[in-house]
Structures are given as structure tokens and as C-alpha cells.
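Colleague: Starting off with a structure, shown below.
The values are calculated or read from the model by the stated rules, or taken from the named source; none is laboratory data. This one's a predicted model, so the numbers in the text were calculated from it and none came from an experiment. Reconstructed Cβ throughout: ideal geometry from the backbone, glycine too, with neighbour counts over all protein chains shown. For accessibility, only protein heavy atoms count, side chains too; no ligands or nucleic acids. Shrake-Rupley method; radii C 1.70, N 1.55, O 1.52, S 1.80 Å.
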Amino acid sequence: WVRGCLLHLLLEAIGNEHIVPLHRLDRLTSGLVLLSLDPATRSHFSRLFQPQSMVSKTYTAVCELQCDPVPSRLSLDHHITRSPHEYWRQVVLPGAPANAHCEVEFTAAEDGLVLVRVRPTTGRKHQIRVQLAHEGLPILGDPLYGSVRSNDPNSLSQRLWLDAYRLAINDFPASPGGEALTAEWTSSRVPSVFFSRAA
């Protein structure tokens with residue numbers, strides 16, 4: 001839990017005690033995490049990740065296909081809240097005002113699995129996992145919301161096929177007097193290879 005986390009591993013590897021993540025991923029999710037190395041600029045970059053921010057995120061997910069037919073795109077709006085019975089799980093509350101939104105694009109399908117590109121515009125806990133599962137598209141290997149559920153949310157026995165693929169900041173600070181820039185990072189995991197490995 002402590003020594004195996006990304007932050008601790010990076011602290012040991014680079015020796016910069018000022019390193020701090022600017023956002024977070026679920027523990028089982030792979031992919032990009034943006035970190036701050038300089039306390040002097042941290043508050044500016046932290047603000048970029050607040051609600052209604054200029055940061056756009058794209059995830060790649062391999063899902064089990066449990067719905068029919070499969071559309072080419074989905075726009076998902078749900079109200080996500082903590083389960084009243086299992087504190088570690090989130091659930092969709094039907095009929096309540098939406099507090100979670102994401103756009104889903106289907107890019108490949110094979111043997112009951114689909115590769116999707118997900119662009120969340122909100123940041124609820126387990127949002128992508130909950131919304132996809134609710135629509136009949138549970139992420140492959142998800143121990144909480146997948147077809148084979150684990151009662152132990154700490155189990156690392158399965159690989160969650162969800163990857164934070166792209167981060168873009170559309171209001172990246174420029175030099176004084178210059179125009180704001182877009183900064184973009186892309187995961188080394190090519191989606192087609194990611195999908196073939198899962199399949």
C-alpha cells in the first residue's frame with residue numbers, strides 16, 4: 001500500500017521530496033499521471049485540475065460486451081453515489097440529477113470484448129468503471145464492477161484493463177505576453193496493442 005505506490009517509488013527513484021501528484025487514478029488503473037516537482041508553480045497546476053478545468057482526459061478500456069446492439073458512440077449521464085451497503089463501491093442512483101458525464105467511442109470488437117475510448121468531463125470516484133458497467137459494458141478484470149466480482153477491493157489478482165491514455169492542458173501557461181499553449185501527453189500503451197493483449 002505504501003512502498004508499492006507510484007509516489008513512493010518515484011521519491012526513491014529521483015530523490016525529489018517535493019514531488020506531488022496533481023490528480024489521481026484508481027489504484028488498479030494504468031497510464032498517465034501528471035506530477036509537480038516545484039512547489040512554486042504547484043498551485044497554478046493544481047487549479048487546472050479543478051472542476052470546469054481546461055484539462056481533458058482520454059482513457060482506453062477493454063470491456064466485456066453485455067449489451068446489444070453496440071452503438072458507435074454513447075453519451076453517458078448518471079448520478080453516482082456511494083453504495084449504502086458496501087462503502088467501497090459506487091452505484092448509479094436512477095432518477096437523481098446527473099453528476100457524472102462521459103463520452104464513449106467504440107473503436108474495435110473481438111470475441112465478446114470491445115475497445116472503447118472514454119472522455120470523462122467530470123471526476124467522480126470510480127466514474128468510468130461504474131458508468132460503463134451500468135450500461136452493460138463492464139471493464140475486463142474489474143474486481144468491483146466486472147462480471148467476476150471480488151469481495152476484496154484490495155485484491156490485485158486481476159488486471160484492470162483501463163488505461164489513462166491521454167492528458168491535455170488547454171491553458172498551459174506561456175511566457176509573459178505569449179499566448180496560452182496546449183500541453184499534451186500520450187501513454188506508451190498503443191490502444192490496438194492494449195486490446196490484442198486483453199483479447
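Colleague: Between Ile19 and Glu105, what length in nm is gained on full extension when 0.36 nm per residue of separation is reduced by their alpha carbon distance? List each step's numbers first, then the result.
Modeller: Details: separation 86, 0.36 × 86 = 30.96 nm, distance 3.41 nm.
Separation in residues times 0.36 nm, less the Cα-Cα distance, equals 27.5 nm.
Colleague: With only Lys, Arg, Asp and Glu charged, each at its Cβ (+1 for the first two, -1 for the last two), find how big the charge dipole of the chain is about the Cα centre; round to the nearest 20 debye. Working shown, then result.
Modeller: On the way: 19 positive and 19 negative charges, 73 e Å.
So the dipole magnitude of the chain works out to roughly 360 debye.
Colleague: Also: For Trp161, Trp185, give me the order by solvent-accessible area with a 1.4 Å probe, most accessible first, ignoring ligands, DNA and RNA. Let's see the in-between values first.
Modeller: Details: Trp161 30, Trp185 90 Å².
My answer, sorted largest first, is Trp185, Trp161.
Colleague: Also: Given a 10 angstrom Cα cut-off, can you work out which residue in His126, His18, His78 is the most mobile in a GNM of the chain?
Modeller: Result: His18 has the largest fluctuation of those listed.
Colleague: Under a 10 Å cutoff between Cα atoms, tell me which one of Leu48, Leu11, Leu162 has the largest fluctuation in the Gaussian network model of the chain.
Modeller: With Cα springs under 10 Å in the chain, the top fluctuation among Leu48, Leu11, Leu162 is at Leu11.
Colleague: Right, another one. Can you work out the FRET efficiency for the pair Gln66 and Ser192, with r the C-beta to C-beta distance and R0 = 22 Å, to the nearest 0.05? Present the calculation step by step, with values, prior to reporting the outcome.
Modeller: Numbers: r = 23 Å, r/R0 = 1.03.
FRET efficiency, Gln66 to Ser192: 0.45.
Colleague: When the accessible area of the stretch 27-103 is computed with all protein chains present and a 1.4 Å probe, what percentage of it is carbon and sulfur? Before the final figure, lay out each step's value.
Modeller: Values: 2450 of 4480 Å².
So the carbon and sulfur contribution to the accessible surface is 55 percent.
Colleague: Where Rh denotes the Kirkwood radius from the mean inverse Cα pair distance, what is Rg over Rh for the chain?
Modeller: Working: Rg = 17.8 Å, Rh = 18.2 Å.
Value, to two decimals: 0.98.
Colleague: Could you give the accessible area per residue of the chain, probe 1.4 Å, as a whole number in Å²?
Modeller: Working: 11360 Å² over 199 residues.
About 57 Å² of surface per residue is accessible.
Colleague: Further question on the same structure: Explain nothing, just the number: dipole magnitude of the stretch 13-124 about its Cα centre with +1 on each Lys and Arg Cβ and -1 on each Asp and Glu Cβ, in debye rounded to the nearest 20. Could the numbers behind the result be given before it?
Modeller: Working: 11 positive and 11 negative charges, 100 e Å.
That gives the stretch 13-124 a dipole magnitude of about 480 debye.
Colleague: Taking R0 as 22 Å, what's the FRET efficiency between Ala168 and Ser43 from their Cβ-Cβ distance, rounded to 0.05?
Modeller: Values: r = 20 Å, r/R0 = 0.93.
For Ala168 and Ser43, the calculated efficiency is 0.60.
Colleague: Follow-up question, since we're still on this one. Could you give the length gained by full extension between Glu179 and His79, i.e. 0.36 nm per residue of separation minus their alpha carbon distance, to one decimal place? Display every interim value, and only then the final one.
Modeller: Working: separation 100, 0.36 × 100 = 36.00 nm, distance 3.74 nm.
Between Glu179 and His79, full extension yields an extra 32.3 nm.
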